[in-house]
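Each value in this text was obtained by applying a stated rule to the coordinates, not by laboratory testing. Keep in mind that this is a model prediction, so the values were computed, not measured. With ideal geometry, Cβ positions are generated from the backbone for all residues, glycine too; neighbour counts draw on all protein chains shown.
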Amino acid sequence: MTDALVDEVTETDADEAPAEWTADDDWTDEALALLRTMRAPHRRNRAKQVGFAVYCTLLLLVIWGGIPSLGLFLQASMGADYTGHGGQLLAAMPSGIAAVGLAVLLLAVRDGLWRGPVVPPRAAADWLLAHPVRPRPVLRPWFWLSCALAVFPGLVTALGGMVALGLTDRVGLPAALGWCLLGGVCLPLLATCAGLLVERSDRAAHWVRRLTPYAALLVLALGAQSGLAAAGHPVHWLERVELWSGPWGWAGIAALEPTRAAVPGGWVAAALLVVPTGACLWLADRAAATVSLTRLRERARTAAGVLAALRTVELRSAKLAVTSASDGTRQRRRISLPVPRRGWLIVPWRDATALLRSPARLGRAVVLSVPAQFCAVLAHGARGGLSWLAAAVALVFGYLAVAQLLEPARIETDDVRRASWSPYPFPALMLRHAIVPTLVGVLLALGGATAVVLAGGGVAAWLAPAVVPALIGAGLVNACRGVMRQDLMISPGQGTGGGAGPFLFAAWYAAGPLVAVAALTVPLSTALRSDAPTAAAQAAGLSLLLTAGLLRWAWDRAAKLTGRPRAGAAG
């Protein structure tokens with residue numbers, strides 16, 4: 001108690017405005033030099049670890065990217081023709097690049113809600129910055145480190161764009177790389193500066209939270225438009241609007257400049273990318289030192305907690321930490337439903353109330369159901385392996401959509417003692433948590449199927465509601481998996497070259513959706529391609545049988561969580 005009080009008083013005093021100090025009190029350079037000397041052994045070990053990580057990354061890029069690309073160019077020099085897909089690639093690039101660019105900006109500003117580009121280690125935030133030292137020499141390197149880390153994926157993407165344009169459109173490699181680098185470098189840097197703005201400003205963070213759902217919908221819409229354009233249904237006037245709407249579109253104009261589908265104004269777009277990026281970096285370099293000490297401490301602790309959870313493969317703990325920090329202190333909606341008079345309706349009533357009070361979960365379910373329906377439409381028009389792939393991706397997005405509705409079940413399994421209020425055995429309680437997600441998921445699927453049918457789709461679109469219960473059952477299986485099985489990652493029988501441990505862990509971690517997707521992909525693809533009532537009925541029947549099996553599996557897993565025998569659980 002006394003220690004906690006002392007810690008609280010110390011932290012409160014440190015958060016107060018420091019006393020004024022003059023240049024004679026400034027020991028910043030000396031303190032940093034002393035810290036560099038004391039941390040020299042640690043920095044050498046750290047440099048070795050970073051160097052090894054960079055070496056492994058470059059080796060993977062060379063093996064999986066560089067060598068295959070070189071082989072393709074060698075084949076092209078010997079007469080192989082890869083220009084057959086050039087038209088589709090060029091048609092998909094305007095809205096596709098806009099979708100990727102907007103997604104990069106969205107991820108950066110969302111990162112600024114809980115971490116941000118300026119996050120020193122806890123030691124620097126809790127101890128060093130509390131002393132009379134200038135924050136700029138301490139914080140500025142972390143901002144530029146974030147810029148470097150953000151630019152690296154952009155460089156890889158620019159190299160990929162160079163290879164794609166060189167093979168499919170016979171564009172000169174230097175020109176393709178130069179124009180692709182404009183977007184690959186400027187967009188990540190602009191996104192990093194936007195993340196710093198969100199990290200510093202509560203007002204910017206408020207607007208990011210409000211606009212995130214609409215931006216996510218816009219990204220999905222741009223992705224769908226890109227797929228339709230590649231399939232031969234472009235909307236040229238809308239693409240022109242998107243290309244000139246912001247930096248996400250200017251990057252597309254630059255990438256198209258050396259191709260036969262160039263848009264007038266490529267040099268203007270290049271200037272619009274380079275000049276604002278330089279100005280934003282200049283301003284951000286000076287603003288990096290103005291982040292409040294209290295905010296730096298909170299974010300350093302959150303980042304350390306997330307990193308610790310990731311190191312122990314506690315993915316849900318990391319997600320909850322990020323979500324809690326990103327939501328901030330906004331108030332939950334106090335929506336109440338009439339209390340039911342029948343006891344068996346209590347669990348659905350609680351789940352429906354929780355869903356209404358957290359509309360973001362319902363919004364994410366709606367957003368994720370859109371690409372599920374879109375991929376199902378692609379599976380309807382594709383053939384062979386491509387149809388199977390589209391059906392599998394549709395099932396994955398469908399599972400991710402309904403998984404947003406199963407949060408009450410996951411909360412129950414986080415700590416089974418929370419279920420002490422329930423008169424039901426724990427496995428029966430978990431099955432009751434599937435009622436509301438199933439109803440909401442079926443309604444979302446019915447809405448999507450209706451839209452597809454009205455747009456000219458076949459009767460197989462009505463399969464969407466039929467697969468929802470199986471996906472709900474898969475989500476319950478995952479919710480009842482229990483503590484993380486880190487022992488699956490590394491086993492004594494593995495050799496020096498590694499083993500199947502990570503794959504075994506991934507199979508255990510996603511067992512429910514893996515089984516559901518594997519069992520439903522081929523029947524769903526067959527029903528979508530044939531568009532025959534018989535095939536649709538067979539797929540729906542298989543989905544119901546799979547649902548029963550998955551619910552039984554979830555029951556068994558839930559029983560193991562509480563140690564109760566299966567026979568003693570009654571509904």
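Rounded to the nearest Å, what's the spacing between the alpha carbon centres of the range 186-232 and the range 51-81? Just the number, please.
Each part reduced to its Cα centre gives a spacing of 31 Å.
I need the P(r) histogram for the range 411-451: all alpha carbon pairs, bin width 10 Å from 0 out to the longest distance, whole percents.
Using 10 Å bins, I get a P(r) of 26, 37, 21, 14, 2 for the range 411-451.
What is the pair-distance distribution P(r) of the range 86-292, computed from all Cα-Cα distances in 10 Å bins starting at 0, with each bin given as a whole percent?
P(r) over the range 86-292, rounded to whole percents: 9, 32, 32, 17, 7, 2, 0.
Given charges of +1 on the Cβ of Lys and Arg and -1 on the Cβ of Asp and Glu, with all other atoms neutral, how large is the dipole of the chain about its Cα centre, in debye to the nearest 20?
That gives the chain a dipole magnitude of about 1560 debye.
Name the residue from ALA325, LEU546, SER201 whose Cα lies farthest towards the positive end of the charge dipole of the chain, charges +1 on Cβ of Lys and Arg and -1 on Cβ of Asp and Glu.
So the residue furthest toward the plus end is LEU546.
Tabulate in residue order the Karplus-calculated ³J(HN,Hα) for the range 188-193, using 6.51 cos²θ - 1.76 cosθ + 1.60 with θ = phi - 60°, rounded to whole Hz; enter x for Gly and Pro.
x, 5, 4, 5, 5, 5
Can you tell me the dipole magnitude for the range 331-442 around its Cα centre, using point charges on the Cβ only (Lys, Arg +1; Asp, Glu -1), in Debye to the nearest 20?
Computed charge dipole of the range 331-442: roughly 420 debye.
Using alpha carbon centroids, what distance separates the range 499-542 and the range 103-143, in Å?
Result: 44 Å between the Cα centres.
Projected onto the charge dipole of the chain (+1 at Lys/Arg Cβ, -1 at Asp/Glu Cβ, origin at the Cα centre), which of TRP27, VAL306, TRP282 gives the Cα projection farthest towards the positive end?
Final value for the positive-end residue is VAL306.
Apply the Karplus curve 6.51 cos²θ - 1.76 cosθ + 1.60, θ = phi - 60°, to the phi angles in the range 254-269 and return the couplings in whole Hz, x for Gly and Pro.
For the range 254-269, the Karplus-derived couplings read 5, 5, 7, 4, x, 9, 6, 9, 4, 9, x, x, x, 5, 5, 4 Hz, x marking Gly and Pro.
Could you work out the pair-distance distribution P(r) of the chain from its alpha-carbon pairs, with 10 angstrom bin width and percents rounded to whole numbers?
Whole-percent P(r) values from 0 Å outward: 3, 13, 21, 25, 22, 11, 4, 1, 0.
Give the cysteines in the chain for which no other Cys Cβ lies under 4.7 Å away, or write none if there are none.
Unpaired cysteines in the chain: CYS56, CYS147, CYS180, CYS186, CYS375, CYS480.
Could you give the size of the charge dipole of the range 86-292 about its Cα centre, using +1 on the Cβ of each K and R and -1 on the Cβ of each D and E, expressed in debye and rounded to the nearest 20?
480
Can you work out the base-10 log of I(q)/I(0) for the range 80-171 at q = 0.18, 0.21 1/Å, using the Debye formula on its C-alpha atoms alone?
Here the Debye-derived log intensity ratios amount to -0.90, -1.06.
Out of every Cα pair in the range 118-218, what percent are spaced more than 23 Å from each other?
Above the 23 Å cut-off, the range 118-218 has 50 percent of its Cα pairs.
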